[in-house]
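> Please see the structure below; I have some questions.
Every number here is computed from the coordinates shown, using simple stated rules; none is lab data. The structure displayed is predicted, hence computed values, not measured ones. Here the Cβ positions follow ideal geometry from the backbone for every residue, glycine too, while neighbour counts run over all protein chains shown.
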Amino acid sequence: MIVETATPDDLDKLLAFREEAASWLTALGTDQWRRPYPPDKLLATIESGVVFMVRDGATTAATITLTPEAEEGLWTEQELAEPSMFVNKLTVARTHAGQDLGGRLLDWAGDRAHRLGATWLRLDAWTTNKALQQYYLDHGFKHVRTVTEGGAVNGGPRVSGWLAQRPALAVQDPGFVDQTRPVPAR
């Protein structure tokens, strides 16, 4: 499997990928990702070079967004002063579920964050998705706090405010051929 930077040609694939994940999550009883993701916002993220695709031959097996910017209103000024990278939209195709592909991708992200000089690999997860929160805890993240106020609509409740972090560490081999732009070793 290879990891490569997403291109604008991946937009439709990523939108379909998210729709598949939303359907799966709904079947599990969570309301996560029920609202369609705005294509223009996703395209802007792709064009900024922070969206990565895992390919298994011609099949897209997973995707992750790894960015130095945190979502507004989640992390304190003190936390934001610490060198960090933020994981978003980690999604694994149902065809590749059960292979710890997400865990390996988190290790890849932690290694990349480390090589970029980050101390922390951080994320926010859906506040009501307890299984997802446990998944991250099982992969070495520590819960920091849950932010429930200050959502995007009228300052209402925040739906993705369960915050967690783990140290950004070098990983010898997460099991991917990395075809992204090289990041110098620290």
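> Placing unit charges on C-beta atoms (Lys and Arg positive, Asp and Glu negative, everything else neutral), compute the dipole magnitude of the stretch 2-175 about its Cα centre in debye, rounded to 20.
The dipole of the stretch 2-175 has a size of about 400 debye.
> Now for a different question. Given the peptides 113-123, 55-65, arrange them by the average over their residues of other C-beta atoms within 10 Å, most packed first.
Packing proxy ranking, top to bottom: 113-123, 55-65.
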